[in-house]
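Notes follow once the structure below has been shown.
The values are calculated or read from the model by the stated rules, or taken from the named source; none is laboratory data. Worth saying up front: this structure is predicted, and the values here are computed from it rather than measured. Positions of Cβ are generated from backbone atoms using ideal geometry, with glycine treated the same way; all protein chains shown enter the neighbour counts. Side chains included, ligands, DNA and RNA excluded: accessible areas come from the protein's heavy atoms. Shrake-Rupley method; radii C 1.70, N 1.55, O 1.52, S 1.80 Å.
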Amino acid sequence: MNTFMLSLRRLRLGLRRAFRRSSGVQIAALIGVWLAAEWLTRQFGLPVPAGIIGLFALLLLFGLRWLSPHSFARGARWLLAEMLLFFVPAAMILLDNRQMFGWLGIKLLLVVIGGTLLVMTSTAVTVELLYRRSLRHER
């Protein structure tokens with residue numbers, strides 16, 4: 001029985017090590033969380049986007065220490081590095097719609113800049129508060 005438990009532990013550690021080393025597996029896991037959240041949203045008719053539910057699910061798993069944020073570091077780093085590719089279609093739409101270069105475009109630009117500033121500010125405040133909290137818990 002002891003050897004069986006030891007082999008299970010070795011398998012678990014090996015899987016964890018492989019997960020942390022592979023950005024593809026990490027990205028697939030993030031997509032899996034999003035798909036599960038999408039299924040929950042559709043199944044229960046929730047008025048909240050699947051991305052938000054997935055975010056809270058990951059936060060819950062991180063908070064319960066079932067997952068570690070370090071486990072997703074490589075995949076998240078790759079997604080952030082390649083994020084520009086996700087915005088190329090939006091740039092092509094601008095070239096097709098010339099009215100975006102008039103007042104409509106200026107209004108949209110102000111909304112986008114305002115929204116970006118709000119997101120960046122709320123993210124910075126959240127990170128700062130969580131960082132201070134983690135420093136308090138280390139002492």
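In the range 130-139, the qualifying residues are those that are over 19 Å from the mean Cα position of the chain (by Cα) and open to solvent by 70 Å² or more (accessible area, probe 1.4 Å), and the one that is farthest from residue 55 (Cα to Cα) is 139.
From the list 4, 19, which one is among the aromatic types (Phe, Trp, Tyr) and touching a helix residue (DSSP H, G or I) at 6+ places or on another chain (Cβ under 8 Å)? Outline the logic, then answer.
Values: 4 fails: touching a helix residue (DSSP H, G or I) at 6+ places or on another chain (Cβ under 8 Å).
Of 4, 19, the one residue that is among the aromatic types (Phe, Trp, Tyr) and touching a helix residue (DSSP H, G or I) at 6+ places or on another chain (Cβ under 8 Å) is 19.
Does residue 77 satisfy the condition of being under 27 Å from residue 112 (Cα atoms) and either in contact (Cβ under 8 Å) with a residue 24 or more places away in the chain or in contact with a helix residue (DSSP H, G or I) (Cβ under 9 Å, 6 or more places away or on another chain) (or both)? Criteria met by residue 77. Scanning the range 53-84 for residues that are charged (D, E, K, R) and over 20 Å from residue 13 (Cβ atoms) yields 77, 82.
Flag not set for residue 102, criterion: open to solvent by less than 90 Å² (accessible area, probe 1.4 Å), closer than 30 Å to residue 15 by Cβ and modelled with pLDDT of 80 or more. Scanning the range 53-81 for residues that are assigned to a loop (DSSP other than H, G, I, E, B) and open to solvent by 50 Å² or more (accessible area, probe 1.4 Å) returns 64, 65, 66, 67.
Given the condition farther than 23 Å from residue 79 by Cα, part of a helix (DSSP H, G or I) and open to solvent by less than 100 Å² (accessible area, probe 1.4 Å), answer yes or no: does some residue in the range 36-52 qualify? There is at least one residue in the range 36-52 that is farther than 23 Å from residue 79 by Cα, part of a helix (DSSP H, G or I) and open to solvent by less than 100 Å² (accessible area, probe 1.4 Å). Of the residues making up the range 5-35, those that are under 12 Å from residue 71 (Cβ atoms) and either aromatic (Phe, Trp, Tyr) or loosely packed, with under 14 Cβ neighbours inside 10 Å (or both) are 15, 16, 17, 18, 19, 21.
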